[in-house]
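The values are calculated or read from the model by the stated rules, or taken from the named source; none is laboratory data. Quantities reported herein were computed from a predicted structural model and do not represent experimental measurements. Note that we place each Cβ from the backbone using ideal geometry, even for glycine, and neighbour counts take in every protein chain shown.
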Amino acid sequence: MHDGVTSYELLQFLHVFLFVFWLGPDVAVYAWSRKAVEAGATVEQRVVAGQMMALVDVIPRAAISLMLTVGGLLSEYVGLEHPWWQMAGIVLLGPVWLTLVLIAAFRDGTPFGASAQRFESWLRGLLIVAVPLSVAYSTITGRLALAPYVGAKLLLFAAVLLFGYLLRARLAPLRQGLAELATAGPSTVREEAMRVSLARSRPYSVAIWLALLAAALMGVLKPGAPQSLPDGDQTLVSLATQNN
């Protein structure tokens, strides 16, 4: 028994919080994208739908940026120790990534916002490569022996980042069409390009949602955790929380 909220419990809450605000708004962005290409919608309704897509999209992007930091801190409680330099990188990653996301979103259309968007894109690309390499090294060296499911969740995270890259590429004609729609009005060719863009992006949206749900299931079931830890990490958690 303990009074108050432990560090472990707080991190667990943040982890679930980020998952909810990643998946939920991401589905909302997709719903608004369908409104943007709806045949019976007016030009004004489509333009508003495009604006809502951009506005709501900031929420899952912010959640993504903090997920590795919260997950990295949480992994300390399941037996994954990090050297000080690695922990420093984990702690700094979230705030830096979140800052880039917010600057890109709220300074959109400015050179500063474009630079932030470019750096954030580079960071995502780096993580797509670095995360699987880190999981491979940790698996070979036995660092994931107590919590192999953490490696699987990290691989799913890297896959989601990759799907996100492909999704944005497929949605480029839709976003371009919405920008032109606001100034040039409707066009049969433009609207067809927007519908095709959304249809081509749909598999990547579904893949992202399925990967997120699979990662959540991994976190609950903790496959591969030692049998001596009945609840996956309860023994390690109790030892860790005694020092909080």
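Listed values, structure above:
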{"read-out": "Flag if Val58 is in a helix (DSSP H, G or I), β-branched (Val, Ile, Thr) and out of contact with any strand residue (DSSP E or B) (no Cβ under 6 Å at 6 or more places or on another chain)", "value": "yes"}
{"read-out": "Odd one out for Leu80, checked against (1) of a type outside the set (D, E, K, R); (2) outside any helix (DSSP H, G or I); (3) touching a Gly at 6+ places or on another chain (Cβ under 7 Å)", "value": "(3)"}
{"read-out": "Positions within region 55-83 being aliphatic (A, V, I, L, M), under 20 Å from Arg124 (Cα atoms) and free of Cβ contacts under 8 Å to residues at least 40 places away in the same chain, in sequence order", "value": "Val56, Ile59"}
{"read-out": "Candidates Ala130, Ala104, filtered to the one that is surrounded by 20 or more Cβ atoms within 10 Å (Cβ to Cβ), free of Cβ contacts under 8 Å to residues at least 60 places away in the same chain and in a helix (DSSP H, G or I)", "value": "Ala104"}
{"read-out": "Hits in region 24-47 - residues which are within 12 Å of the chain's Cα centre (by Cα) and buried (at least 18 other Cβ atoms within 10 Å of the Cβ)", "value": "Pro25, Asp26"}
{"read-out": "Residue within region 29-40 that is without any contact (Cβ under 8 Å) to a residue 40 or more places away in the chain, in a helix (DSSP H, G or I) and of a type in the set (Phe, Trp, Tyr) present", "value": "yes"}
{"read-out": "Qualifying residue in region 22-30 (condition: touching a Gly at 6+ places or on another chain (Cβ under 8 Å) and small (Gly, Ala, Ser))", "value": "no"}
{"read-out": "Given (1) out of contact with any Asp or Glu (no Cβ under 6 Å at 6 or more places or on another chain); (2) closer than 30 Å to Pro226 by Cα, number of the condition Val78 does not satisfy", "value": "(1)"}
{"read-out": "Within region 140-244, helices (runs of 4 or more DSSP H) holding 2 or more residues that are at pLDDT 90 or above and either farther than 20 Å from Trp22 by Cα or β-branched (Val, Ile, Thr) (or both)", "value": "148-184, 188-221"}
{"read-out": "Residue in region 43-55 that is assigned to a loop (DSSP other than H, G, I, E, B) and touching a helix residue (DSSP H, G or I) at 6+ places or on another chain (Cβ under 6 Å) present", "value": "no"}
{"read-out": "Residues being surrounded by fewer than 16 Cβ atoms within 10 Å (Cβ to Cβ) and among the charged types (D, E, K, R) - total across region 171-190", "value": "1"}
{"read-out": "Residue check, Phe119 under 22 Å from Ser205 (Cα atoms), aromatic (Phe, Trp, Tyr) and touching a residue at least 12 places away in the same chain (Cβ under 8 Å)", "value": "no"}
